[in-house]
Amino acid sequence: MSLGKSSFPAFLLAIFVAIRVFLFSAYVLEPVLNPVPPSYNTEAVAAYFQFFTIAGVVMAIVAGISVYLYGTSIAKRKAQKEIMEMESEFKDSIYVIASRLGENRPLEEAIAYSASFLGDTKIAKLFRQTADNIQNFGMTAESALFDPNYGSQKDVPSDEIRGAMRIVID
């Protein structure tokens, strides 16, 4: 999990938050919300486990678990949103490629045109890399997309995009 420019384990942050919540509950909430009258016997009060201390333990556990789960899933959620954004952009890009192919243009030219037409989107970056692989490395369209070392889709985990591009290549 990262805050700002620093990165640290979510488990440690969860423990830190749980301890802080418990201490706040035990030393701030308990004396304010449930004061002990001076007429009570001090031995009886010491045996009495106060309500807000128990509630503080529960709040600390809940806060710790919440911070841990948030910290471990935020990176996955960010990647998931990026993939969803790329897949929604892909629908427009495949239309542009299909229209260029409908004009009897080669696939390589259609991919390069699609990259320039779509501007500064994530899918355009993928198509730019594909066009660069074809032009600079002399790769075929299939290897420019699916080569395990240099292919533009080596870092794209979307099965939808990979499958559609496999169909276009075939």
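A Förster radius of 35 Å, combined with the Cβ-Cβ distance separating Ser88 from Phe8, puts the computed FRET efficiency at roughly 0.55. In plain terms, the chain from Thr53 to Tyr70 could stretch by 3.6 nm, reckoned as 0.36 nm per residue minus the Cα-Cα distance. When peptides 66-73, 140-147, 97-104 are ranked by their average number of other Cβ atoms within 10 Å per residue, the highest-first order is 140-147, 66-73, 97-104.
Bear in mind these aren't lab numbers, they're just calculated from the coordinates by the rules spelled out. Computed from a predicted structure; not experimentally measured. Positions of Cβ are backbone-derived with ideal geometry, glycine not excepted, and every protein chain shown enters the neighbour counts.
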